[in-house]
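Enquirer: Would you mind keeping the following structure in view while I ask a few things?
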Amino acid sequence: MNDATDNRGPIIKFDKVVKRFGDHVVLDELDFEVQRGEKVTIIGPSGSGKSTVLRILMTLEEINGGVVYVGGEPLWHQRKGESLEPAGEQHLRQMRSHLGMVFQQFNLFPHMTVLRNLTEAPVQVLGVSKAEAKQRGMELLEMVGLTDQATKYPHQLSGGQQQRVGIARALAMRPKIMLFDEPTSALDPELVGEVLNVIRTLADEHDLTMLLVTHEMHFARQVSDRICFFDKGRIKEQGKPEEIFTAPKEARTKAFLKAVL
Ligand code: ADP
Ligand code: MG
């Protein structure tokens, strides 16, 4: 695709996207857009389809209807009026390269050092030289406050440190869009803050688009341009953080916030 920064219009667009697992409709003709550089947080009850949205963007799930665009280009090839045509592996890889994802579980390569975790994909996938990948890796470790851990292995780090490496690893691929799926949910409470601080730093980067799923409502309020409340595979309500958190309109949003705040 074209460089995702060249296009006008939303960098992410879900157009009437349907996702089913068997008979279970998880996304129900979802319309959803994210603008370039926008920081959007998805909140909502368990099972409302939040992770599915992120997994579809990472092409970890296919869809049953509608179209998903990244940088103006459909994730899957399509014939007019017919079902989706599977995209070639090369197209998917290229589309995926615009996105970095951080999951609840840290998913680091256990047999590689911290620094190697950051250099492996840039060298293997992007063809960056080892020297350049190392230099960039060390810069990223500095950003997440872990330069002194470069030669350690993941199991030697705390959960909070591992997740910070996970964020650095995603950034090493220079994505235009960062996706976070409950990045602090698996952490002991005292380690949550250090990970949120790193994400907060990233949120200051004007050009980076961020789509976040979190239960950290205070944090979401601070970093988000927009909050989307998901319910049963649709956006029930969305708006600026002040609007959603202080004056929600929908009864479902009110009930959800009352339960989590
Ligand atoms: P959330 O992240 O909002 O908690 P998910 O997007 O993970 O919700 O899941 C939405 C719904 O889809 C849930 O009911 C879940 O059980 C179902 N689901 C997700 N993945 C699968 C799968 N691989 N097979 C069957 N059902 C799934
Ligand atoms: Mg989820």
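The values are calculated or read from the model by the stated rules, or taken from the named source; none is laboratory data. Since the model is a prediction, treat every value here as computed from it, not as a measurement. Heads up, the Cβs are rebuilt from the backbone with ideal geometry, glycines too, and the neighbour counts pull from every protein chain shown. Heads up: the accessible areas ignore ligands, DNA and RNA and are worked out on the full protein's heavy atoms, side chains in. Shrake-Rupley method; radii C 1.70, N 1.55, O 1.52, S 1.80 Å.
Enquirer: Suppose we filter Ala121, Ala186 for residues that are in a helix (DSSP H, G or I) and among the small types (Gly, Ala, Ser); which single one remains?
Expert: Ala121
Enquirer: I would also like to ask the following. Here are the criteria: (1) modelled with pLDDT under 95; (2) under 13 Å from the mean Cα position of the chain (by Cα). Tell me which single one Asp181 does not satisfy.
Expert: (1)
Enquirer: Further, regarding this structure: Quick one: how many residues across segment 222-250 are out of contact with any Leu (no Cβ under 9 Å at 6 or more places or on another chain) and assigned to a loop (DSSP other than H, G, I, E, B)?
Expert: Of the residues in that region, 6 qualify.
Enquirer: Also, I was wondering about something else. I'd like the residue in segment 45-61 that is more than 6 Å from ligand 1 (Cβ to nearest atom) and assigned to a loop (DSSP other than H, G, I, E, B) and, out of all such residues, is surrounded by the fewest Cβ atoms within 10 Å (Cβ to Cβ).
Expert: Leu60
Enquirer: Quick check on my filter: what residues within segment 212-245 are more than 26 Å from Ser158 (Cβ to Cβ), among the aliphatic types (A, V, I, L, M) and within 15 Å of ligand 1 (Cβ to nearest atom)?
Expert: Ile227, Ile235 - these are the residues of segment 212-245 that are more than 26 Å from Ser158 (Cβ to Cβ), among the aliphatic types (A, V, I, L, M) and within 15 Å of ligand 1 (Cβ to nearest atom).
Enquirer: Give segment 93-116 a look and list any residue that's within 19 Å of the chain's Cα centre (by Cα) and either surrounded by fewer than 16 Cβ atoms within 10 Å (Cβ to Cβ) or not aliphatic (A, V, I, L, M) (or both), or say none.
Expert: Once the filter is applied, which keeps residues that are within 19 Å of the chain's Cα centre (by Cα) and either surrounded by fewer than 16 Cβ atoms within 10 Å (Cβ to Cβ) or not aliphatic (A, V, I, L, M) (or both), segment 93-116 yields Arg93, Gln94, Arg96, Ser97, His98, Gly100, Phe103, Gln104, Gln105, Phe106, Asn107.
Enquirer: Also: When the residues of segment 5-31 are filtered to those that are closer than 21 Å to Ser97 by Cα and surrounded by 14 or more Cβ atoms within 10 Å (Cβ to Cβ), which remaining residue is farthest from ligand 2 (Cβ to nearest atom)?
Expert: Within segment 5-31, the match that is farthest from ligand 2 (Cβ to nearest atom) is Asn7.
Enquirer: I would also like to ask the following. Taking segment 144-154, which residues are farther than 19 Å from His111 by Cβ and either in contact with a Lys or Arg (Cβ under 8 Å, 6 or more places away or on another chain) or buried (at least 16 other Cβ atoms within 10 Å of the Cβ) (or both)?
Expert: Hits for segment 144-154 are Val144, Gly145.
Enquirer: Could you count how many residues in segment 211-243 are touching a residue at least 40 places away in the same chain (Cβ under 8 Å) and over 19 Å from Arg200 (Cβ atoms)?
Expert: 9
Enquirer: Only one of (1) open to solvent by 60 Å² or more (accessible area, probe 1.4 Å); (2) out of contact with any Gly (no Cβ under 8 Å at 6 or more places or on another chain); (3) closer than 24 Å to Thr119 by Cα fails for Asp207. Which number is that?
Expert: (2)
Enquirer: From the list Pro183, Pro175, Pro248, pick out the single residue that is touching a residue at least 60 places away in the same chain (Cβ under 8 Å), more than 16 Å from ligand 1 (Cβ to nearest atom) and surrounded by 14 or more Cβ atoms within 10 Å (Cβ to Cβ).
Expert: The match here is Pro175.
Enquirer: Report whether or not Ala170 is open to solvent by less than 20 Å² (accessible area, probe 1.4 Å), touching a residue at least 12 places away in the same chain (Cβ under 8 Å) and closer than 17 Å to Met101 by Cα.
Expert: yes
Enquirer: Regarding Ala121, is this residue aliphatic (A, V, I, L, M), open to solvent by less than 40 Å² (accessible area, probe 1.4 Å), out of contact with any strand residue (DSSP E or B) (no Cβ under 6 Å at 6 or more places or on another chain) and under 22 Å from Ile177 (Cα atoms)?
Expert: Yes.
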